Structure formats: C-alpha cells, structure tokens
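Notes follow once the structure below has been shown.
The values are calculated or read from the model by the stated rules, or taken from the named source; none is laboratory data. Quick caveat: nothing in here was measured; it's all calculated off a predicted structure. Neighbour counts are summed over all protein chains in view; Cβ atoms, including those assigned to glycine, are modelled from backbone coordinates with ideal geometry. The area values use the complete protein model at the heavy-atom level, side chains included, leaving out ligands, DNA and RNA. Shrake-Rupley method; radii C 1.70, N 1.55, O 1.52, S 1.80 Å.
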Amino acid sequence: MERVLAEALLSQSQDLRVLLRALCVWESPTPAERVETLRFLLQRLEEEQEGGGVTSSRPAAPLLQEAVREVATGHLVPLLQGLRGSQAGAPAGESSAPRDRRRRVLRAAGGALRSCARLSGGPQLAAGLVHEALLDLLALRPSAVEVLVAVGPCLRPREDRALLERVARVALAVALGDEDDEEPGVAALVAGRLLPALGRSSAVALRALWDGLLPRPEEEEEPELLLVLSALAERLLPTPGVGGAWGAPEEEVPDAWRCHGFWRAVQAGLVHADGLTRKRARYLLQRAVEASAGLGAECSCRARDANEPSLFWWLDKKKGQLLKFWENYILIMETLEGNQIHVIKPVLPKLNSLFDCAVSEEKACWLLHPSWHMCIYKRMFESENKTLTKEGIMHFLELCETKGLPGAPGFSEFIIGPLMEALSESSLYSRSPEHKTGSCSPLGMKLQTFLVTYVSLLSEDKKSSFLLKFIKKMTSRHWCAVPILFLSRALAHIPPCKVLGVEGLLALRDVLQCTMITHQILLRGAAQCYLLQTAMNLIDVEKVSFSDVSNFLMSLRQEESLGRGTALWTELCDWLRVNENYFGEIPSCIGFSGRCSLRVYVQSLVQDYIKSPTMERGNCFMPDWYEAKLVAMMILLAADVEEMKNKYRKKTQNELKVVLHPLMDVLMKLGTNAYIPLLKTDKCLQLLLKLLQTCSLKGSLTHDDGVLTVLQNSVMSTAESISEFLVRRLTANELSTVSDLERCHLYLTMLSELVNLHGKVGWKNSDSIWRFISLLKNASILHLQDISSEKEPKLGKQIQKVVSMACLSVVCGILSQQSDLHLDFLDTEILENFISSFHLNQIVRKPHAEEQNSLFEESSSQGWGRVVAQYIHDQWLCLSFLLNKYHTLIPTTEGEMEPFLHVIPKPVGILQSALEALTILPSDQVLPVFHCMKILVPKLLYSSESLCIESFDMAWKIIYSLSNTQLIFWSNLKAFVQFVFDIRVLAVAARIKGQAYSKIKEVNFFLIIEMSTTKTGVLNILISYCCRSWIFHLLTTHSRYIKYYSIHVFSSTNRDDHYVRVCTIKFLCLLDGSNISHKMFIEDLAIKLLDKDELVSRSRTRYYVNSLQHRVKNRVWQTLLVLFPKFDQNFLDQIIDKIFEAGFVNNQASIKYLIEWIIILILHKFPQFLPKFWNCFCYGEEKLKMSVCTFLSVLSHLDIIIQNISEMKPVLKQALTVVLQWCFNHNFSVRLYALLALKKIWAMCKALHVEEFDALTAVIESSLHQVENMHGAGNAKKNWQRIQEHFFFATFHPLKDYSLETIFYTLPRLSELVEDEWITIGKFTKFTDIPIDSAFQWYLSQTELCELKPSDWSQEDIGSNSVEGDSQSEWIDVQKKMIPWKNNVLDLGLDLVFQDRAAKLGKSISRLIVVASLIDKPTNLGGLCRTCEIFGASALVVGSLHYISDKQFQHLSVSAEQWLPLVEVKPLQLVDYLQKKKTEGYTTIGVEQTAKSSDLTEYCFPEKSLLLLGNEREGIPANLIQHLDVCVEIPQHGIIRSLNVHVSGALLIWEYTRQQIIKQRDIK
C-alpha cells in the first residue's frame, strides 16, 4: 500500500521539488500522515536510485540532491527538535492519542531524514548533520538523539571512522551519566535509541563503545553500565545468523564472552538493589547462554587469578550439562524476585544440583566460578523477606558440612562481607515452636558448625588472616546482643590453634568494648565469656605478653562474666598455668623486661604500682581506678595459678604473702607515717579495696579458699593502722576540696569493708575497730555542730560538713547491720539525739565566688548541686536508721507522742519533709526517703490521708522516671512497693474506704500492670513482696486487691512471668472453700474469669494458635480448673450456663480440652446438672455445627460421669439417643467423634447387661464393625485409628490426672501450645515464697499421660504431609513464570509505535481484533487488555480511552496497555467500524447466544478475525447482530445463564490462538 501511494504521487507530480516542498508544509500539530507520506516518497526515490531506474521525468541528480538537503536541514531537523522538546514538557497525565501521534511523526521524520542523507549525493550532508547533532548532544538536547539515530548509519566505517568514534564516545558519556545531565531523560534516550543504532551501523562504532566501557572500575555506576550493555546486547551477544553482518575484521568485533569486566558487571547487576538493574543483568546472562548454545563455539573468560576457574566458559560437547546449569541458575534468580517464601522454597533444592554441576568430585575443584553461587546467596541475604534471608543463610552454612566443597576463591571475603552483614539481624535467631526454651537457636548451631568446619579447611596463614578479619568485622558496627552472642559462641568453639597475635587480642578487646553496649545483661555476659574462651583457644601466647593479656582481661566485666570462683575463672587460671613459660617478652615500662613467670610479672606489677612520683603532700585528684582493678585481678589470678600448681605438686606453700608484701608494708605505716604521699595512700587503699571485693566473688567456696584466708589475715594485721589513718583523714579537716569527696567515699567504703571483714573472721580482739568508729561518730557530730553556727560559708568548712554527714550515715549503716552485737560503749544515745535534731533538707550553702576561683578547681564535674544532694541523701540515711530502730513506738497522731520518745521527731513533719526531698534529690538518690516513707505512711494514713496520697503520687512519678535506668530502678521499685502495699497501709485503706483506697486500687495497680507489659519483672517484685508480707494473714480484708491482681496475672501476656503465675496459683490452692471470705473471693474471681473469656471470644482480633487471645483464654480455663474443687452446687448453678456456652465457641485445641475437662468434673461431682447438659444437644444445627464435637468428647468419658449415679440405665439410654443421631451427620469429623462416643457408651451398656437396648444391638454392632473394618476410603480409616489413640480419649483420666502437672505442663505440651506456656512441676517446688503443705497431694499426675508425645489426630495429617514435602531432595515441579528474555523490555522503546516495539522484542502479533466498546466496567476492560496482550492480539477497541487512567483498570491490566494498541471507537460508531473492517478482509464474530449461533468447540476461526463482545448486562444489541458474519456461543452445562464478559472473551481469544498455533505447526 505504501509503495502504491508513493508511485501515485510520483506519477502525478510534474516537479518533484515542488512536491517535496508541499509535503513539508504542515500546520501544528504536525499531521502524522503527511510526514509518513514524505518518508514513503523519499524511500521510493532511494530505491530507484539504488536500482539505477531513475526515469526521465525525475529531476537531475544535483537538483534532487539540493532538494533533499533543503528538506533535511530546513524541515526535518527542526521538526525533530520541536517534537523532542514538546515531548520533554508533556504533562504526566497526557492521554495516549497525542503520544501515539508524536511517536508516528518521530518515526516517519527519522526515516525521511535517513533517506535524505542517502539521496544527498555524498557523505557531506550526513557528516554535517552529525557534527551539528554532536554539539546539541553535548548540550544535552534530546533532539540530537533522533538526528544521530537517523543519519548515524549513513556514515562510512573507514572514511568517517574518527567521526563515528567521537559519536560513540560522546553517546557513551551521556548514557553513563559522565555529563551533568540536567534532563535525566536524555541518558535513557541515548541508551535506548542511539546506542543500539550505532551498534547496528558498524563494527567501528561498536568497538569504540566497547573500548569506552572496558576501563571502567568494577562495581562503579552499575545501573548505567548495565543499561548500556543491555542496549548493545543485540551486537555484543549476537544470536545465530546475526554475527558478522558488517563484514568487518574479526579483531574489530568485540568479544564479550572473553571479557572479565563484562561478567563482573553482570554479577554485580544480579545483586544490585535496583530491580530494573537486576532484570537487565539476568537478560544479559540469558542472552549470553542462548547465544553460546546457538553458535556452538568454544569460549572461555579466564579469571584474573590463574588458579581460579573461568568466570564463564562454553564447550559444545557439554552443552546439555551447561544448559541445565544455567537454566536452573536463571530460574532461581527469577524466583527470588518474588520474595514469596512458599514459591521460593521449592526452588531452593535446585541449588544443590547447581553445586553438583559446578564442582568436580574427581579433581576436587570448581568447574564454574563460585562467585555465581555467591550472587544467589547475596540476593537472598538482602531480601526484604526475613524468612527468605534466614533460608539463604541456613543453606549457605550447610555447604561445607554437606558438600565438602573445595577451597573456593572469594569465600572468605563473602563470609566477612555479605554473610556477616546478614547475620546482624536479631530476628533470624528465633527458635521454631518445636525447639525447647533454652536450646540454642538453629541458626546459631549452623553458624557454629560452619565456622568450625570452614576454619579447619584453611591453611595456617589463611586461617590467621580470615579470623582476624572476622573479628575486626565484629567491631565495625554496633551489633545487637543476640547476633554478637552467637558469633562469639561460634568463635569459641573453634578448636585451639595459635593463629592470633597482639592485633587479634586488640580486636577482641575492641569487640568487648564497642559491641557490649546493650541493656541485656545476661546476653552481654554470655558473649564476654565466649570471647574470653575464643582468646584462650586462638591466641599464640608467644606473640603476646602478660601485659597484653591483662589489658584484654580488663575489658571484661567481672560481675557479669569473669567472677572469681566461676568455671571460666578456673579455666583461665589453668590456661595461664599451662602457657606460663611461653608468653612473649614483657615491655620494659613496668620495670621489668624479657620473659618471666606470672608470679614474677605480678610482683613487678605491684612494685611498679606502689611506686609513685615524689610530690608534695596536699590536694590532688584521685587516681583512676583502672590500674587498681588490673593489679588486683592479676594478683588473684597469679595466686590461684600458684595454688593450682601447688595442688598438682602436692605442696602447701603460698606465694601470695610475697606478692602482697610491698602493699602491706605501706598499709602498716599509714597510721604512724604522716609523710607518705597522698597519691600513694590512695592507690594502696584502692588496690586493697579491689582485692577484697574481687576475692569475695567466689561465694560458696569461701571455706576452702586458701587465697582468701591469706588475704584476710594480711588485712587484719593492718586493720588498726588503716583505721587510724582513715579516721584521721576524715576528722582532721584534711578533706577540703570538692575532689576530696571522692576520696571520702573511698575511705568510708574501706572502713565498711574492714567492719564486714571483722564480722566474717569473728569479733574477738575487735574492740579497736569500734573505738575508731566511736571517734569518727563523735568527731563528725562536733564538726556538724560547730559548722552550723557559722555565718559565712567557706569551701573547706562546707566540704567537711558534707564529709561529716557522710561519716554519720556510714556509722548508722554499720550499726544497722551489726544490730545483734552489744555496742553499749558506742553511746548511741548521743547519735540518736543529734539525728532527731536535724533540719531536714537543709541546703549546704555555696561558697563565695572568690574562694571558688582559688579552691574550686578542681571542682568536680558534678557541680555543687550534686554535693548538696549527697548531703541531704546522707541525712535521710541517718533518719532511716532512727525510724527503723523505733518504728513500733511511732504514734499515729501527733497528740499521742510519749514524753520519753524525745529522739523521734514529729511524724507528720517528717513525711512533709520527705515529699520536699523527693522534689530536691536526683532520682537515683531517693531510696532512703522511700525507706522512711515506708515506716511513716502506715502510721499516718488514717489521720493524714491526703498527705499519704500525695506521697503515693510523688513516689510513682519518681519510679516512672527511673524505668529506663537499669541499675537503680529495681531497688527503688522494691522500696515503692514496700510502702504502698504494706499490710498496714492496705488494712487502714480498706477500713476507712477513703481516697487512699481508690488510689491504690485504681491508679497504682493499673500503673504497675501497665508498666509490666513493657518491662519484664515488675510484677515479680510486687508478687514477691505480697507473698512474703500479707497474702496469707489478712486475706479477708484485702480480697478485693487480690482478686483484681489475680485477673491480670491470669490474663497477663508476659512470656517471662512463670514466677508470678506459680506464686498466685499456689496461693489459690491454699484458699479454704469453707471460709466465708475465701468463698466469696473464689466465686467473684471465677465470675470475672468467665467474663474475661467471653470478652476475648467476642473480640474481633484475629484468633489463631498461640496468639494473644489463645494464651489468655488458656490461662483463664487453667485457673478455673484449679478453683473447681472449691465450687459448691449453688455457685455452679449460677455459672453452669456460662461454662456450657463457652463450649459452643470455636476454640483452639488446648482450650477445648480444658472446657471438656471441667464439664466432665462438674457432671461427675454434681450429676444433677445432666439435664442441662442434654439440652446442649437440642440447639439448631447452625450453632452445633462446629461445637458439637466438644460435647461428644464429654460423652466419651461417660464412665467417669456416672460413677456417682445409682441408676445408670436412664443416663445410658439418653446418651445413646443423643449420640446415634450424630453418627449420621454429614460432617466427617462429627461422625468420628460420635462413633467414638458410641463405642465407649455401648461397651458400658454391654458391661451392665442392659436388656432394654437389645433391639439396637444389631444396628450398633453393625455400624461399629463397619467403621472398624473400612477399606481404602482415603484417610478415613487412618483418622479413625488416630482419634482412638489420641491422648484425651485413650490415656487421659479426668480424675486421676487432676493435678497441677497436668493442667500447667502436660496438657499444654500435648496440645502443642507454645513452650513459654508450659510450667514444669519443678517450678512449683522451686519458688518457695508460698510454701504448700507437704500433705498437698495433687502435684503429680497418677497416670502415664506425662510420658506421651504431642499428637493430635486432626493436626497430624497436615504435619505429616508437610514433612513429606519438605523432606524431598528435589521438588518434582516448581513455579516458573514465563521469562520472555528475547522480548525483554528494557524500558527503552516506549517511543516506538507498538508494531515496531513488537518486532524489536520478537513478540508474535496475530491478526485478531477484540472490540470491547460495549463494555463499560473498568475491571472487565483491564482484564481483557491483559488477556489480549498475553495472547498477542493486534488491537483492543474500547469505547473511551479515558478508561486507561482508571485505577481499577490499571490494577487488572498490570501495564498491558503499554504493549497493546488501544483504539477508541464509541458505541455509536461501531456499525461504521465493522463495515470498514469487513472491507479489509476481516470476519466479524459476535460472542453471543443467538438462534443461529455456532458452538465454540466446532467453529474454525479465520486468520483475520474481529471479536465483538457484548455489554455486561444487555449483551450485543440486535441492530449490531445484523452486521455480524457469525455469532459464537460457549457451551454451558450449569444453571447460570451466562459467563462474565471478560471470561467469555478470554475463552474465545484462547481458542483463536490455539487454532492458529496448530495451523502454523502444520505448515512447518
């Protein structure tokens, strides 16, 4: 048709130049038909010129050349520039019609410009246009791309080589983003249009592009690089019949197969974060494989390391093996894009086949480079789906264990890089339900096995390098507690090998210091233990010194991990003993160099520590504690090592005295030598204090501890000298600066340790210590009395005031701890009188500024406010001592004060001062105030209720502010609980029923329970105190509190609350049903529990196994079972309906068993409730549909129920009547339960010889015989066997198994409840806050129920099937979506019209037109659009193109409208459109049921077919049916009249496609 049009124009035109000028005159918008006509005309002229058939009517060549140059430069180039500019500024929501018109004009103008260049008579026009376009391209103008695409192929490869190379370089720079692209669309346009055109035009341009790509660094600009490679893939990786089309020398054609950089770019693209980049990489890989298979040539891309396998290679003789490998590889990579674990998991076994292909077992080497496999794992590691990430990690870790892989290049880097990055996710280490609590995470176990195996395969030099990098990687980020724990655990299990030196030890220390920043103390401590074991296993002791080891050990926290006397401490001592003589040389900085024993090293360490620089005695800062901790730890390690050596040698010598001699020598002189440097005394006291504190960590082994005995005896010998020094320093005004307060703290701590030491070794000959304490007390009181009279504050005096108050607080603390000793000589009355005269909360005034400048220095960073807070804190410590001593004598009102109690201040005033102190003191110093409030509030609640309520509010604010402060929160919470929930407070509050009662019940209980949901252990503090203080003694008074608390305990969802639950359960067990107050409490609690169950059942929250709702309901019914023995008939009569109603709810298995159990117990104990039970079977089928199995299960235990009934026959008769009607139910499960109950009831009838049932004998016996001997009816027989063997029917005995063990451990375990809900019987005996009498008999079950394993007949089928599926080594079939790599759309060709894109992509286009103009629902149109595109229809006709922008349309079409021509024909225009298509040779076919319609199964579609679809409601109108050639109907066999219009259309489209495929196959 195009040729005919061109011939007609040429034949009728007298002057070709006039015709060309006429065609170049176009209005705006440019009509596509006119530009297309110009292109047809120029192409026809080009054909005539090439064929030499120019007629005489044509103008001479020079005139024609001039004319086409004018058309090119004067019209076509400006047109292209204008079109590209307008397209760049087009609105985002522009309809498809203007876009299609522009695309048609662009295509036509480009073709016309190319013809002009060829008709111009030489290369000058093409070269000139290219030069101009290059300048525009450098300016990033989009129009330059169209000009270069059009005329670039006209350049000559040899003559214009330089110009071609320049074009290629500029185009590549723009495509890769080297130029500053202000318009991002230019780069994509160059890559999508210009680069493919250059690649097709000549080998010179392709080589220039290739050379520009090669030098680029790896992993740089991956998206842009993959974009360019994809655009050039048609020439870089030619399919058979395409290569060598230029006739160029072989060396000029790039060989991508042998290029290392090309394959590295593909691998980097496969794991890139951008999905489109990954798609391009998969396209390149697929094309390379297909091209290799098609060409059949041998090729190989050698890796840069000669010892590594090739990155890619191909041998035709191994074509089948290689194709299978790459097919599976690409399938896995494609499947990973879905992020759906149920689709991906069946594909994962194919990874094993990949390794089988890639590894040669004979030669123990890699045939295919392992980096391809690493790409798969890295892709899985970086998945958004954490389940997929975990699957990938687990599979990778199993490699060495299952495959025995040879040394793989790059594996170490991969482990330290992507693998460790993936392992940083804490959620990956979670346990599956089948793993017990406390067991190691499956991932943690795999990691440990992998690391041990992998390290064992490495050579010594590689092992050292790998482990050092591995440990350093752990310091490169702040790891969470869980990952660091399992990584450390894996390292600790590596077999001992000497591979790490000083650098490795420093790296381990960095891990300890940098990655232990977590509040999870237990995890942190465990990780420290593992890291120490790692050091002992991997350190080469010859490369490190004792000094290096000691600095490393200082990074461990002794209270969390390396406590003396622990197994780890013993292991460390043994390691030091074994390697003592092999450690490296010690630096000379400690006064000793060279190799030595540990004892000699420690001796020199102590001597060097005690030596201090000579300095004037005076004020100086306290030395840092680090050195004292280090020396103390090393002394004790050396002592224990020596003791261990002596034990092995069977000697009894002790070297500790020798080591301690320099220290003890200084301490002995403290009391007499006033000229010892202050720094030296401080360091000696610090070391002694750390020795005592560290040594005492041994705990229970103290009586056998020779080291501790020697240390205590040595200290006792110096105790008097030390005490004298301490008292002198504390009382002689020698502490006068702010920095001296730290020194004061050291002295007082040391004094307390000396007192404790005297208590441990005995009080004989200890009068001296009390003499010093008495001196300290008297001097402190005198200082405070003297200073209080001063008018002008001085720094020295104020500091001494704070020191004196601190001394008094320590004296009070010592007196409280040693209250059992008779210390009359201390004259405590003076102290008590002085304390009673305190002005509480008195502020220590700040010195004048002038004095601060000269003496404040030195001022501590805490500031003066901290000094004042410490002073007030010490005041309250002293007052707490006084109140505790006389708490029984404190009156409840001020008027009751006895004359002889002059030492006790007014209690109301003290409580008011306490509230004031809470506003002054920092939150971490309020504990002594809480202790005072605990004593005062019970006394004053009756007379000063409002003041006490204010105390509650203020105290709770303090507790809430401390909730994120781990170290001091718990002690303050305990103090808060002790005074708010004191037995006396609750007694008074319950008696007066005032505001305090409401405050405790409604506010404090609510706040504590709310806090417990986010902070584990809060409820434990509360219940622990309540159990010890008042839960037994005053139950009658406080039942309301217990009931409210119990409801929250049993519905608590905290998974770490076994302690709380056990204590409360044991409390409930001790309640006495005969006690009226107990009985009221039990009944009220039971009603509230049933209400809680009903509330949970009605909630709309999703209810699934082990969910929040499941666990709450399970706890409710467990508690009701515990309370059941205390229920009487009258109370049960009130709640029996609620219990039966709970049986109608669709419950999880564990709850169903508990409800059935309690119903059985009720009917057994109170048979009078049987009529109500029979009524449960009388409801409609809709209500009983799912719940009848519960009541049938109860009937299965009828033998238990009727034990207390004298006349059993009526009950058996009623049971048979009920059961028989359910034996014929249509539901299979219901029939099984009914038949099981029938079998047991019938056995009872036969045992009792009930003659009344003889008439039913034949029917029942026949039914039971049939079910026992059923054959091959699917799983019916198997399920019948399983339900009979199920524990609830075969082993469980409702009476004999009534025990705490069955309720809280056995039943949850057997019903597969989450393990956190299992409470072992050992915990009931372990938690002794509530002791249960030894006569308590129902701890343990009396049957073998506890020995059974979990198995449920209904769940076992599912479980067995899934296990069988998962155990398959290779799935038979897996999902594989169509991957049209030959049609791979690289989002580059949207500017082409649909036909061009289809041809470019290799898409098959049929000659089927689908007309949907009568359809008005966007969903149906979107689905049809998708169907038409998939089956290659040539066009879809719609009533309006506005449907395309509808969200419902786009949701169904999934972008199919971009790849399918859409034509707009309104319903009123359909008659004309049908007639037009008939003239074009189309057969018009209606999809409609008519009197003459043809059966779809018998109709043969012509190639040119037009399908007309009807409206959703009316179908095809009658007037249109008359214009159709034929109507086709779909045969139906159902009742519904018609199919959905989209479904009908899809059926006919597929039938048309199927017939055309068969025809083409027959032709071939």
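A few notes on this one:
- Boolean, Ser717 is open to solvent by 30 Å² or more (accessible area, probe 1.4 Å), modelled with pLDDT of 85 or more and among the small types (Gly, Ala, Ser): yes
- Qualifying helices (runs of 4 or more DSSP H) (wholly inside segment 319-402; at least 3 residues being exposed (fewer than 15 other Cβ atoms within 10 Å of the Cβ), modelled with pLDDT of 85 or more and out of contact with any strand residue (DSSP E or B) (no Cβ under 9 Å at 6 or more places or on another chain)): 319-336
- On inspection, Val1314 qualifies as under 30 Å from Leu1340 (Cα atoms) and within 50 Å of the chain's Cα centre (by Cα).
- Thr1490 vs. criteria farther than 17 Å from Arg1407 by Cβ and within 58 Å of the chain's Cα centre (by Cα): no
- Among the residues making up segment 713-733, those that are closer than 20 Å to Gly796 by Cα, aliphatic (A, V, I, L, M) and in a helix (DSSP H, G or I) are Leu726, Val727, Leu730.
- Contact map, segment 908-922: first residue more than 12 Å from Cys932 (Cα to Cα), second residue open to solvent by less than 20 Å² (accessible area, probe 1.4 Å) and not aliphatic (A, V, I, L, M), Cβ cut-off under 7 Å, separation 6 or more or different chains; pairs are Glu916/Asn841; Ile920/Asn841.
- Within segment 268-285, the residues that satisfy the criterion of being assigned to a helix (DSSP H, G or I) and closer than 18 Å to Ser371 by Cβ are Ala268, Gly269, Leu270, Thr277, Arg278, Ala281, Arg282, Leu284, Leu285.
- Meets criteria (within 55 Å of the chain's Cα centre (by Cα), open to solvent by 30 Å² or more (accessible area, probe 1.4 Å) and either on the phi < 0 side of the Ramachandran plot or of a type outside the set (D, E, K, R) (or both)) for Lys1417: yes
- Some residue of segment 1186-1201 being assigned to a helix (DSSP H, G or I), free of Cβ contacts under 8 Å to residues at least 12 places away in the same chain and not hydrophobic (A, V, I, L, M, F, W, C): no
- Residues being buried (at least 20 other Cβ atoms within 10 Å of the Cβ) and of a type in the set (D, E, K, R) - total across segment 1084-1111: 2
- Here is the figure for segment 1268-1318: residues that are of a type in the set (Val, Ile, Thr) and open to solvent by 10 Å² or more (accessible area, probe 1.4 Å) total 2.
- Residues being of a type in the set (Asp, Glu), closer than 20 Å to Leu236 by Cα and at pLDDT below 85 are represented in segment 293-301 by at least one member.
- Within segment 1203-1244, restricting attention to residues that are among the aliphatic types (A, V, I, L, M) and more than 54 Å from the chain's Cα centre (by Cα), the residue that is nearest to Leu1170 (Cα to Cα) is Val1211.
- Flag for Leu63 being of a type in the set (A, V, I, L, M), open to solvent by 60 Å² or more (accessible area, probe 1.4 Å) and modelled with pLDDT of 70 or more: yes
- Scanning segment 994-1031 for residues that are open to solvent by 60 Å² or more (accessible area, probe 1.4 Å), over 32 Å from the mean Cα position of the chain (by Cα) and modelled with pLDDT of 75 or more returns a single hit, Gln995.
- Test: residue in segment 1260-1269 that is in contact (Cβ under 8 Å) with a residue 24 or more places away in the chain and out of contact with any Leu (no Cβ under 9 Å at 6 or more places or on another chain): no
- The residues in segment 1234-1255 that are assigned to a helix (DSSP H, G or I) and at pLDDT below 75 can be counted, and the count is 5.
- Being closer than 18 Å to Val151 by Cα, modelled with pLDDT of 70 or more and under 60 Å from the mean Cα position of the chain (by Cα) is not true of Gln124.
- Some residue of segment 295-308 being open to solvent by 20 Å² or more (accessible area, probe 1.4 Å), of a type in the set (Lys, Arg) and within 30 Å of Ala188 (Cβ to Cβ): no
- Subset of segment 595-632 (residues that are in contact with a Phe, Trp or Tyr (Cβ under 6 Å, 6 or more places away or on another chain) and either among the aliphatic types (A, V, I, L, M) or modelled with pLDDT under 85 (or both)): Val631
- Top-ranked residue in segment 867-891 [being open to solvent by less than 60 Å² (accessible area, probe 1.4 Å) and modelled with pLDDT under 85; ranked as farthest from Thr828 (Cα to Cα)]: Pro891
- The one condition in (1) modelled with pLDDT of 85 or more; (2) surrounded by 15 or more Cβ atoms within 10 Å (Cβ to Cβ) that Phe592 fails to fulfil: (1)
- Near pairs, Cβ below 8 angstrom, 6+ apart or cross-chain, from segment 960-982 (surrounded by fewer than 17 Cβ atoms within 10 Å (Cβ to Cβ) and of a type in the set (A, V, I, L, M)) to any residue that is at pLDDT 85 or above and outside any loop (DSSP other than H, G, I, E, B): Ile968/Leu927
- In segment 1233-1240, the condition of being over 18 Å from Leu1163 (Cβ atoms), surrounded by fewer than 18 Cβ atoms within 10 Å (Cβ to Cβ) and not polar (S, T, N, Q) is met by no residue.
- Of the residues making up segment 801-813, those that are open to solvent by less than 10 Å² (accessible area, probe 1.4 Å) and not hydroxyl-bearing (Ser, Thr, Tyr) are Val802, Val803, Met805, Cys807, Leu808, Val811, Cys812.
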